[in-house]
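So the structure is just underneath, and the comments pick up after that.
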Amino acid sequence: QVQLIESGGGQVQAGASLRLSCKTSGLTFGSFVMAWFRQTLGKERDFVSSISRGGGRTDYLESVKGRFTVSRDNAKTTVYLQMNSLEPDDAATYFCAARVGNELSRRSDDFDFWGQGIRVTVST
């Protein structure tokens, strides 16, 4: 059974940092592109960042470039999202996702497995 379990969310003030983790099990982690998406109430799930199987290629939503860093530890089957200088617009439920293969994508439909999501709240 494939599981993706996010952790590290919470409520912070604008300008603070959080690190999200997504621990996976039940899949060959090194065979999957990993990504982070986020969603606010009533809106579609938006791409945030992705990372290739070996970690050598990454992609970011423009508005988070320079503030967020995606990384992975294949030995721990975990992907991370370091979020610095958080802004109120970053508040959302964050989901990690896994896609078979090594092609980065920004489309949620391209991803095969999803976590349950974790909430990030940013106050002013």
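Please sort by residue number the trypsin sites (Lys or Arg not before Pro) in the stretch 44-124 whose DSSP state is loop and whose Cβ has at most 15 other Cβ atoms within 10 Å.
Arg57, Lys65, Arg67, Lys76, Arg106, Arg107
Heavy atoms only, 1.4 Å probe, whole protein assembly: order Leu41, Leu104 by accessible area, highest first.
Reading off the accessible areas and sorting them downward yields Leu41, Leu104.
Which percent of the accessible area of the stretch 23-124 is formed by carbon and sulfur heavy atoms (probe 1.4 angstrom)?
Roughly 45 percent of what the probe reaches on the stretch 23-124 is carbon or sulfur.
Find the accessible area per residue for the chain; the probe is 1.4 Å, ligands and nucleic acids are left out, and the unit is Å².
Dividing the accessible area of the chain by its residue count gives 50 Å².
With charges only on Cβ, +1 for K and R and -1 for D and E, what is the dipole size of the stretch 25-124 about its Cα centre, in debye, rounded to 20?
Computed charge dipole of the stretch 25-124: roughly 200 debye.
What are the lysines whose alpha-carbon lies under 27 Å from the alpha-carbon of Lys43, with same-chain residues fewer than 8 places away excluded?
Excluding near neighbours in sequence, the set is Lys23, Lys65.
Would you mind working out the magnitude of the charge dipole of the stretch 1-80 relative to its Cα centre, with +1 at each Lys and Arg C-beta and -1 at each Asp and Glu C-beta, to the nearest 20 Debye?
Using Cβ point charges on Lys, Arg, Asp and Glu, the stretch 1-80 gives about 140 debye.
The values are calculated or read from the model by the stated rules, or taken from the named source; none is laboratory data. These numbers come from a predicted model, not from an experiment. Please note: Cβ atoms are built from the backbone with ideal geometry, for glycine as well, and neighbour counts cover all protein chains shown. Accessible surface is based on the protein model in full, side chains and every heavy atom, while ligands, DNA and RNA are left aside. Shrake-Rupley method; radii C 1.70, N 1.55, O 1.52, S 1.80 Å.
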